[in-house]
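Before any comments, here is the structure.
The values are calculated or read from the model by the stated rules, or taken from the named source; none is laboratory data. These numbers were taken from a predicted model, which means no experiment stands behind them. With ideal geometry, Cβ positions are generated from the backbone for all residues, glycine too; neighbour counts draw on all protein chains shown. Areas reflect the complete protein model, heavy atoms only, side chains present, ligands, DNA and RNA absent. Shrake-Rupley method; radii C 1.70, N 1.55, O 1.52, S 1.80 Å.
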Amino acid sequence: MSDPGDQDLHQHRAYLLRYAILQLRDTELAEDVVQETLLAALEGRAQFSGKSSHKTWLTGILKHKIIDAMRRRGREQPLTTNADESEADAIDAMFSRDGHWQQFPANWGNPEKSLEDKKFWIVFEMCSQLMPPRTARVFIMREVMELSTEEICKELSITPTNLWVMLHRARLSLRQCLEIKWFGNKRENQTA
Amino acid sequence: MLPYIRGRIFILILPFRLSCKDASALLSQAQERALGPYERFRLRLHLILCNGCSNFLRQLDFIRTAFRRHRDS
């Protein structure tokens, strides 16, 4: 594959921006990070090995720029410890005092079918937005960037327990939202 | 005779039983780390008895799949 030309880089800009906004939750910061990425790509395109696609290569650069931006932002807005309490409260609210589900998780049947449905993705994106920004940041580092517990804890200076509580909270709110807004209404997915 | 034995075994396994709140937390953590053998034992016992948490487990896997699909499309 040849070096990416200016047209190639520009073409991928929209995708890179979407990816960065999803991760950073800050449009302005995302625009800056994408600019840095494209600049780095322009300067480094002679080094492009051709082994991956342009998109994959650019995304790789972008991921590093995003981590840098998160690190800088982390120093400016350190995660406060009392935030843990609100996460724990949010989790507690999902269960009764004796530890049972307030909203018993239903059988979603074959949920993978929904991945082919455009309407599902609209609901999915809406449910993803419900997380508080701090929780979302952590969730995306884990589920989208696929960083390990150690990597995330190191980047954000939190403990594994802090991390797991946040991820659990995120998952509980997501599954509840998806069940209410999508799977709960799908009669064909409900089994006894 | 049988209900007597069953009742006694039930009392024996009580200390191993997890609440749904604890089970769901373990299931979530299992997405990030390997669970120890005691944790797995307690979890498996709970999942046999609890459809809600079994459903939750499948939902966790689906959520992970969905985010990766969303990222890669």
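With a 1.4 Å probe and all protein chains left in place, how much of the accessible area of the protein assembly as shown comes from carbon and sulfur atoms, in whole percent? Percent of accessible area from carbon and sulfur atoms in the protein assembly as shown: 54. FRET efficiency for the B:R71 to A:T161 pair, using the beta carbon distance and R₀ = 25 Å, is estimated at 0.40. With a simple spin-label model that places each label point 7 Å from the Cα along the Cα-to-Cβ direction, the separation between A:S96 and B:R44 comes to 2.9 nm. Accessible surface calculations at 1.4 Å, restricted to protein heavy atoms, place chain A at 54 Å² per residue. Within the listed set A:A40, A:A20, A:A170, the Gaussian network model of chain A (springs between alpha-carbon atoms below 10 Å) gives the highest mean-square fluctuation for A:A40. 7 Å from Cα along Cα→Cβ at both A:S53 and A:Q103: what's the point-to-point distance in nm? About 3.6 nm separates the two model spin labels. Listed by chain and number, the aspartates and glutamates whose C-alpha is less than 14 Å from the C-alpha of A:K63, apart from same-chain residues fewer than 8 away, are A:E31, A:D32, A:E36, A:E143, A:E146, A:E151, A:E155, B:D72.
For chain A, the list of Cys residues with no other Cys C-beta under 4.7 Å reads A:C153.
Given R0 = 30 Å, the distance between the Cβ atoms of A:I180 and A:T149 translates into a calculated FRET efficiency of 0.50. For A:F95, the amide hydrogen comes within under 5 Å of the amide hydrogens of A:Q102, counting only partners 5 or more places away or on other chains and with H modelled in the peptide plane. Mean residue ellipticity, 222 nm, helices only, chain A: the sum of -39500 (n - 2.57) across DSSP H runs of n ≥ 4, divided by residue count and rounded to 500, is -21000 deg cm²/dmol.
Can you list the lysines whose alpha carbon sits under 29 Å from that of A:K65, skipping same-chain ones fewer than 8 residues off? Partners within reach: A:K51, A:K55, A:K154.
Label separation (A:N110 vs A:D8): 4.0 nm, computed from points 7 Å beyond Cα along the C-beta direction.
Other chains' Cβ within 10 Å of A:160-173 residues: what's the mean? List each step's numbers first, then the result.
Working: counts 3, 1, 0, 2, 6, 3, 0, 4, 9, 1, 2, 9, 6, 0.
That works out to 3 on average.
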